Structure formats: C-alpha cells, structure tokens
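Notes follow once the structure below has been shown.
All of the numbers you see were taken from the coordinates with simple rules; none came from a lab. Please read these numbers as outputs of a predicted model, since none were measured by experiment. All Cβ positions, glycine included, derive from the backbone under ideal geometry; neighbour counts span all protein chains shown.
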Amino acid sequence: MERARIPPDEAQRLAALQATGLLGSAPEESFDRITRVAARLLDVPIALVSLIDRERQWFKSRTGLDACETPRDISLCGHAILDDVPLVVPDATRDVRFHDNPLVTGSPHLRFYAGVQLHSIDHKKIGTLCVIDRRPRQLTNADLDALRDLAGIIEQLVYSRQLATAARSLGDELRAERARHGMDAPMPGRPPGDLEWLVAHDVLTGLPNRQEMVRAIGESIVHSREHGRPALVACLNIDRFKRFNELLGHRVADQILVNIARSVQSLLREGDLLARSGSDEFLILLHARGDHPEPEKALERIMTVANRAIPAPGGEIALTFSIGTALMPMDGDDADALLNNAVTAMRHAKAQGRGEIQPYSASLRTESGRRLTLESHLRRALAQDELFLDYQPKVDLRSGHLAGFEALVRWRHPEFGVIRPDEFIPIAEETGLIVPISDWVLRTAVAQLGAWRAQGLAVVPVAVNLSARQFLQSDVVASVAALLEASGVPSDLLELELTESVSMADPERSVVVMRGLGELGVTLSIDDFGTGYSSFAYLKRLPLDKLKIDKSFVQDMGHSTESLAIVQAIVAMAHRLQLSVIAEGGETADQVAALRKAECDQLQGYYYSKPLPAAECADFIRANAAAAPVGAL
C-alpha cells in the first residue's frame, strides 16, 4: 500500500485546520445536506466531508458510512490534498497505489473514489469533499464540475465561520484592551512589528510580497517624475517549475526558491527591490544609476546568475527564467499598470520558447487578449465538438511499408480557425484542461481504430501521447484496459507515448505503471528523446518498446555533423537496449537517406505525408496495401 506523502506546508496546514474549529464539532445540517445532495446527484452510496488531521481523517459530515474517522495512513483523501486537481480513481483494485488498501480489501470495500480539495480561508488544503462507490465507474466532466460546485459551497461555509470567529475574537480583544490600557495601548504579549512583517513578506523566502512591491513602485514613480530617471519593473517566472516539484519533491523545490532569492538579492543595489509574488514568480524593481544608467543591463546580469543546472535523477535539469519587463514611466503611470504589463511580457517570453527577456510593447496586449480568449473558449471546446484528430503516417525505413500513425489533436475554433497545438496545449496544461482533453484523445483514437477494423482495413498501430497528469495522477492502466475491452481493439494496435520528463517525475511509480500497461499488451515509447534530461542508463530501468528522436536533431542532420553523429549514436544505443527507433520530422531525401544509413527503424515526417484526417487515412491504408512500398514512391 502506498502511503500519502506529508505536504511541505504540513505545520501551516494543520494550524489552518485547527483554526476552522471544525475538528470534533457536532454534526450540522448545512454540511449534511451537501453530502446527501452529492450522493444523490452522482448516484453513489457514500459521500463525505473528510478533514485530514495529523494522524487521522475525521468526517465532519458523512452519508452512507457509519465510521466517523479512519487512520490517515490509509485515507485516499490524504493523497488528494497533495495536488491541486481532483483525485479520481475509477477502480481502486486496479490502481497500484490502493489495490491492497484496507479500505479497498475490507469495509467499506471501496472501488471508485473522487475527491475535490477543500481549502481554508488562507488557501491551505484541509480535506476533501469525496464520493465513494463499491463498484468501478467513470466520472464525467459534468459530474466532476458538480462535485467542484458542492465543494465550493462547503468552502464558503468554512470561510463564513472563520470570519465570524475572527470578528468575535477581535472584538473581545479590543474591548479587553480598552478596559485595561485605553484605546491606543499596544497589545501585550505580541512582539512589536511582528504582525506587520508577516503581512508584508513571504514566509518561505523572507522577501517582500506583491503588496510591498506595489508600494515601492508607487514611491519610485514619484521619484522618477521628480528627477527624470527611468526605472524598470520585471516579472521573473521559473520555467517548468512544476517539474522540479515532481522530480525532486516540494522540500527541495522550496530550497531552490530560497537559493534563487539569495542569489538575486546579492546582486541588487541600494534602492532596488526583489519580491516574491507567487509559487514560481518573482518581481524586481531596478533603478537607473549614474554608473549604470540602463536598468536593463543590471537585469541581464541577474539572469546570468539565476540560470543554473539542478541535479536530478538520471541527469540535470536546466533552471531558466522567462522575464517580462516594463519601463517607468513609458509603459505605465501606476504600479498596477506596470506590473500587469511586465506579466504580459513575461507570458509572451514563455510562449516564445522560455529562457528569454521580453520588453513590454503595446502589441503584446493584443496577443495577451487572444490568449485569455482562447483559455476561456478552450473550456467549451470539448463540449461543442471543436477538437478533432489528424493522423500522421509512420513508415518502415527498411521495407517502405506503412508502420503506423500518430494521433495529433487539433482545435477548429469558430472564430480563429484551426489553432496550432503548440498554442493551445500549453494553455490546457496550465489550466488543468489537459486531463479531459488527453482522455478524449485516447478514447477517440481507440474508437477510430475500431472503426477502421470494422471497415475491413489492414489496420496498423496508432500512437497517442499521454500527458503527465494523465499518466501519474489517474489509474491509467485500468482506464486503458476498459477502453480496449469496450472497443474490442487488440492491445498491440495501441501505442502510448510519454515524454522523458513524465517518466522521470516519479521513477518508481513510472516503472509500475509502465509494467501494468505492458502486461495489457500496449506498446510504450519515449517521445522527443534528446530534449529532456534522461540518459540511456536511466532508460534501461524502464520497460519500453520504442524511442522517438526529436525532430530538431533530424532536421539539422543535413548541415550539422554534430546532429548526424547524435542521431547515429542514439540509434545504436537504442538498438543495444532492444528498442525500436522512430525519427520525427524528416522532410528531405537526404535526411531519409541518412536515417536509413544510421539504421533507424521508422520515420514520421512530411517527406512521406502530412497529418491526415481520419477519412484520408482510410484511403492511405488501402493505397499502401495495394501499391508498392511507400518508400519506393
């Protein structure tokens, strides 16, 4: 049985839980009504408001369960509070984390679980609203939205209680203070300035927070107007910081943040300010000086020091920043405008490939508006059938025959037309929409395989990309098994592609999940090899079948001897590990010839075909079966 980790903010989380006054409190109809509604609405026998205490989970409200608490070690809710997205377990008996859990093997014989995190007023995860069934099942997006809405109502109940309690406490304290010391006497027992410091600073790094930065920018604006010296506001966002949390754990990631704060702080001059505004985001205020009249130069020095390599399992991870800047007074005449413009520029830098400094310009505001529009519209894209799949052929480089397809998701927006995946997939990842989108892609690709088989076509395997959340945060083995069983599609026709970072995020769990998928007969491959941080020594541990070389190496082969040597080395090493090799992005005859000489197994690229709609794929399959090998065309 896999026990849930202890969150890095456990002390603060437990303090927030105690502050709610809910633990051990009497039953309340306002909470019980919500669990009854949840049970009826989702047609489940059990619904709970579970609060995660130090060593137990205690049920503030329970429908369909006699027990009022369980040990924390065996609680699924203890796993749920470790993440920001709901935990959904379609079948606990087939989930490697829970199959031998006493709540699964014994009473209440849990099979299905879905839990939405509950937050205190200071946004600490104190527990969940969860629903449980004694049979396996799937949860629709509408069901999950309903559960989120009910969790939101519970949170409002908790907030109202905390605010009322705080107001009563403050009133009592003020009345007692007036009676003892008079209206203006300081509070006894409280260190002077202690509360003020907490309000104005980030507890982890000790840096000023966003509000302090707003105050400092306001003062700088006044100074700039009086003396005519420019100043610069910068927003620094750590690229892919979630990867550090996944690979190294929250404790190490927190230490990285502290080290960054110290390194950058050491480079600031008198009057400059560094603040932390979010989990992976910093703000800097830099002023022009006589010896350094351009604050942009100081920012370049800071970026050089801040970028570094972090040791990780199987190699190193490059820590880089995407930075957006706004100049005072040209890019804004108040603190909010300057900060918003710096954030807009930062997001543009991130969208352009990360690791860059992007000055603000008015044109970026238009692009930012488009992004916000896309984020809003992406939430409805699935429901309104705006997503579709194209399939790009993969060709066997020895025989020239069709070897398979890769399913590629596309978005046909009613206003903007077809939107590139590299524009909307990052939005999906940031908003959590990548999970339902990835699930839809997998279901649609398997259904398409079934449709081609029903047409009597000589079907070849179809590859589908698995997102990190899909792979690590759900019972993907059970989901894939259920899909294949329902569709009647043989498992060897489905290929699942993982990125290097996904496989490295939790190596032990990755191996277990991969083995489970392998036992189903599904083919597994590592996508975009060479762009991540794993090594062949690390890949030896993983039960893989294929490796896909990133297109950047393939496209550089014609004019880069280094890229050619890298491709040849990757192919040779992969074959020693009994892995087939797929090259991605081949477009010219010279590239194809070089790949054949390197003994690469398959090629997916425009040299043979662009991505095709499903209907054209059927014609492509028929043509391939009836004609000469594709490689001979």
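Can you classify segment 400-440 as rounded, prolate or oblate using the Cα gyration tensor, where a ≥ b ≥ c are the square roots of its eigenvalues, rounded means a/c under 1.5, and otherwise it's prolate if a/b beats b/c and oblate if not? Oblate, because a/c is 1.5 or more while a/b does not exceed b/c. Note on ALA383 and HIS227: with the Förster distance fixed at 56 Å, the Cβ-Cβ geometry gives a FRET efficiency of about 0.50. Relative contact order of segment 10-162, taken over Cα pairs closer than 8 Å and 6 or more residues apart, is 24 percent. In the chain the longest region clear of chymotrypsin sites (Phe, Trp or Tyr not before Pro) that are loop-assigned by DSSP and have at most 15 other C-beta atoms within 10 Å covers 1-415. Note on segment 87-134: Cα-Cα pairs beyond 12 Å make up 63% of the total pair count.
How would you classify segment 373-626 from its alpha-carbon gyration tensor, with a ≥ b ≥ c the square roots of the eigenvalues: rounded for a/c under 1.5, else prolate if a/b is greater than b/c, otherwise oblate? Rounded. Extending 7 Å from the Cα toward the beta-carbon at both LEU82 and ASP9 defines two label points whose distance is 1.8 nm.
Taking 0.36 nm per residue of sequence separation and removing the Cα-Cα distance, the GLU219/THR561 pair yields an extension gain of 117.6 nm.
Projection of the Cα convex hull of segment 351-505, averaged over all directions and equal to a quarter of that hull's surface, yields 12.1 nm². Please figure out what share of the DSSP beta bridges in the chain is antiparallel and state it in percent, rounded to the nearest 5. Rounded to the nearest five, the antiparallel share is 75 percent.
In plain terms, the chain from SER279 to ASP32 could stretch by 85.5 nm, reckoned as 0.36 nm per residue minus the Cα-Cα distance. When ILE549, ILE121, ILE419, ILE238 are arranged by Cβ crowding within 10 Å, least crowded first, meaning fewest neighbours, the order is ILE121, ILE419, ILE238, ILE549. Computed from backbone phi, the HN-Hα couplings of segment 301-308 come to 5, 5, 5, 4, 6, 5, 5, 7 Hz, rounded to whole numbers (Karplus: 6.51 cos²θ - 1.76 cosθ + 1.60, θ = phi - 60°; Gly and Pro given as x). Derived value for segment 198-360: Kirkwood hydrodynamic radius 16.0 Å. Basis is the mean of 1/r over every pair of different alpha-carbon atoms. Helix 250-265 and the longest principal axis of the Cα set of the chain meet at an angle near 70°. The label point for LEU267 and the one for ASP43, both projected 7 Å from the Cα toward the Cβ, are 5.9 nm apart. The Stokes-Einstein estimate for the chain, based on a Kirkwood radius over Cα pairs and taken at 10 °C with 1.306 mPa s viscosity, is a diffusion coefficient of 57 µm²/s. One decimal place: the segment LYS540-ASP145 gains 138.1 nm when fully extended, by the rule 0.36 nm per residue minus the C-alpha distance. Simple spin-label estimate for GLU2 and ARG134 gives 2.7 nm between the two label positions (7 Å along the Cα-to-Cβ direction from each Cα).
Here is the list for segment 23-76: GluC sites (Glu not before Pro) lying in DSSP coil, each with at most 15 other C-beta atoms within 10 angstrom of its C-beta, are GLU28, GLU55.
Of the two radii for segment 23-95, the radius of gyration is 0.96 times the Kirkwood radius, both from the alpha carbons; that is the Rg over Rh value. Calculate I(q)/I(0) for segment 10-162 by the Debye formula, one identical point scatterer on each C-alpha and no solvent, and give its log10 at q = 0.15 Å⁻¹ to two decimals. Result of the Debye calculation: -0.70.
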